[in-house]
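Working notes, structure below.
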């Protein structure tokens with residue numbers, strides 16, 4: 001995976017891709033390595049050799065992981081918001097008593 005003058009070159013599942021954009025090249029390499037590993041893992045588990053099928057299964061797997069993490073994040077954010085509200089009420093009571 002070498003840099004090219006107009007972007008970066010990465011290899012995913014034995015295919016070379018030339019990427020351009022404003023993302024950090026090291027970040028792009030990290031994403032490419034993640035996807036490559038995901039595709040190889042799926043191909044190994046499903047004994048599938050069709051790269052398009054492996055790519056679609058990898059995309060579904062990553063989408064599932066994303067939605068699970070998003071749901072956990074939303075639950076955690078809701079809990080934090082509830083706690084902030086509780087602490088705000090307690091602080092308001094304390095401040096009212098101090099006046």
To the nearest 0.05, how large is the calculated FRET efficiency for residue 53 and residue 15 if R₀ is 22 Å and r is the Cβ-Cβ distance? 0.95
Each label sits 7 Å from Cα toward the beta-carbon; between residue 77 and residue 61 the label points are separated, in nm, by 2.8 nm
Give, in whole angstrom and from largest to smallest, the semi-axes √(5λ) of the equivalent ellipsoid of the stretch 1-56, with λ running over the eigenvalues of the Cα gyration tensor. 24, 10, 8
Can you give the extra length, in nm with one decimal, that the chain gains between residue 27 and residue 99 once fully stretched, where that is 0.36 nm per residue apart less the Cα-Cα distance? 20.6 nm
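Read the figures in this text as sums done on the coordinates, not as results from a lab. No experiment lies behind these values; they were computed from the predicted model shown. Neighbour counts are summed over all protein chains in view; Cβ atoms, including those assigned to glycine, are modelled from backbone coordinates with ideal geometry.
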